[in-house]
Amino acid sequence: MREWWIHVGLICIPLVAVYLHIPPPQLSPALQKWHSAGEEFHFRGRKIFYRDSYGALGSSDVVILLHGFPTSSHDWSKIWDPLTQRFHRVIALDFLGFGFSDKPRPHRYSIFEQASVVEALVAHLGLSSQRVNVVSHDYGDTVALELLYRSDQNRTGHLTFNSLCLSNGGLFPETHHPRLLQMLLKDSSFLAPLLTRLTNYVIFQKGLGEVFGPYTQPTDAEFWDMWTSLRYNDGNLVLDSILQYINQRFKHRDRWVGALTSTFVPLHMIYGPLDPVNPHPQFIRLYQQLVQRSTITVLDEHISHYPQLEDPTGFLNAYFNFIHSF
């Protein structure tokens, strides 16, 4: 009997240690460089990380990049320099709860709040009267649609869009297929606190790797940077709160899809067709049916959910062709 309790203790002690705290990993040189190149501003008492690079001379064009879940602005690192060669200013931020921004808990994260964060950043940078080009991915797509809605409704403090380019986001709840862990985290108030603490790098790498193509997997160093960004300021502990955006997409579908289908802002979709989250051909057929004013680029068949990382050249070519078309 005593031996049985010893075995239980040997199992439970490390689990309790994991549950209580695992120190976050140190920033790699690549992440440290990204962080050092950025700045912070305050939104409702919270620190928001952003990067703002001045680029092409003789241009006044501004592009704002909105990242996806569960990663950060570092998702744009592979296309950052080419964008600075085309645009006067290239701006990206880490949404509240992501990357190097504050990750308050408990906190009711929402798409509406993230859109307000973007508007506040634009005001902070003195760009409220500037027409801006927005490029978004995944979670950032829905934030972009809320911004688009506010713009078309002429809400106070809204962005003035010059164009919007979307990529591989769950725009339509009926064609969106979240991963199993995401469903467990967003819907299980009992399991979520345990899962957020016990999810480790191996689980993270496996889950994220499933939404990359088999020939376009991140390197070990890239996976580790994504994990480090997530763990920074204990970001793993707010995943369940952030994931309520999936429920928000259902609740506010008419508002956000309505903005997409009714706007006169130039639209483009860059799509990786191997995406298991927004699968081909259901997603792109519905997009073509509902958003008839938008142009579309479908990338090579082996490109999946992160096109800007899996095929940065193809992504840039598609985007520049779009920008030069109007």
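For segment 148-170, name all the residues that are touching a Phe, Trp or Tyr at 6+ places or on another chain (Cβ under 8 Å) and open to solvent by less than 10 Å² (accessible area, probe 1.4 Å).
Leu148, Ser163, Cys165, Ser167, Asn168, Gly169
Could you grab me the full set of residues in segment 42-84 that are surrounded by fewer than 18 Cβ atoms within 10 Å (Cβ to Cβ) and either without any contact (Cβ under 8 Å) to a residue 12 or more places away in the chain or over 24 Å from Ala221 (Cβ atoms) (or both)?
If the condition is that a residue be surrounded by fewer than 18 Cβ atoms within 10 Å (Cβ to Cβ) and either without any contact (Cβ under 8 Å) to a residue 12 or more places away in the chain or over 24 Å from Ala221 (Cβ atoms) (or both), then His42, Arg44, Gly45, Arg46, Lys47, Tyr54, Ala56, Leu57, Gly58, Ser59, Ser60, Asp81 are the ones that fit.
Within the set of pairs 6 or more residues apart or between chains, which connect a residue that is free of Cβ contacts under 8 Å to residues at least 40 places away in the same chain inside segment 253-280 to a residue that is open to solvent by 10 Å² or more (accessible area, probe 1.4 Å) and outside any loop (DSSP other than H, G, I, E, B) with Cβ atoms less than 7 Å apart?
Thr261/Leu290; Pro273/Val298
Across segment 237-266, what is the total count of residues that are among the charged types (D, E, K, R) and more than 18 Å from the chain's Cα centre (by Cα)? Before you say what the answer is, go through the steps one by one.
At the first step, the residues of segment 237-266 found to be among the charged types (D, E, K, R) are 240, 249, 251, 253-255.
Still in the running and more than 18 Å from the chain's Cα centre (by Cα): 251, 253-255.
The number of residues fulfilling the criteria is 4.
So in segment 11-41, with the set limited to residues that are among the β-branched types (Val, Ile, Thr) and surrounded by 11 or more Cβ atoms within 10 Å (Cβ to Cβ), which one is modelled with the lowest pLDDT?
Kept after step one, since they are among the β-branched types (Val, Ile, Thr), are these residues of segment 11-41: 11, 13, 16, 18, 22.
Among the residues that remain, those that are also surrounded by 11 or more Cβ atoms within 10 Å (Cβ to Cβ) are: 18, 22.
Numbers: Val18: 54, Ile22: 73.
My answer is Val18.
Could you check segment 155-183 and list, in sequence order, the residues that are β-branched (Val, Ile, Thr), in contact (Cβ under 8 Å) with a residue 24 or more places away in the chain and not in a strand (DSSP E or B)?
Listed by number, the list holds a single entry, Thr175.
Are any residues in segment 28-44 under 15 Å from Asn233 (Cβ atoms) and over 18 Å from the mean Cα position of the chain (by Cα), and if so, which ones?
Matches in segment 28-44: Glu40 only.
Mind checking which residues of segment 226-283 are farther than 16 Å from Leu166 by Cβ, among the hydroxyl-bearing types (Ser, Thr, Tyr) and open to solvent by less than 10 Å² (accessible area, probe 1.4 Å)?
Thr228, Ser229
I'd like the full set of residues that are in contact (Cβ under 8 Å) with a residue 24 or more places away in the chain and either in a loop (DSSP other than H, G, I, E, B) or charged (D, E, K, R) (or both), limited to segment 24-38.
First, the residues of segment 24-38 that are in contact (Cβ under 8 Å) with a residue 24 or more places away in the chain: 24-28, 30-31, 34-35, 38.
Pro24, Pro25, Gln26, Leu27, Ser28, Gly38, listed by residue number.
Which residue pairs have Cβ atoms under 7 Å apart, sit 6 or more places apart or on different chains, and have a first residue in segment 209-227 that is part of a helix (DSSP H, G or I) and modelled with pLDDT of 95 or more and a second that is of a type outside the set (A, V, I, L, M) and open to solvent by less than 10 Å² (accessible area, probe 1.4 Å)?
Final answer for the pair search is Met226/Thr71.
Having 3 or more residues that are under 27 Å from Lys186 (Cβ atoms) and touching a Leu at 6+ places or on another chain (Cβ under 6 Å) is the bar; report the helices (runs of 4 or more DSSP H) wholly within segment 231-322 that clear it.
253-262
The values are calculated or read from the model by the stated rules, or taken from the named source; none is laboratory data. Bear in mind that the values here come from a model prediction, so they are computed numbers and not experimental data. Backbone-built Cβ (ideal geometry, glycine too); neighbour counts: all protein chains shown. The protein model used for the area step is the full one, side chains on, heavy atoms only, and it has no ligands, DNA or RNA in it. Shrake-Rupley method; radii C 1.70, N 1.55, O 1.52, S 1.80 Å.
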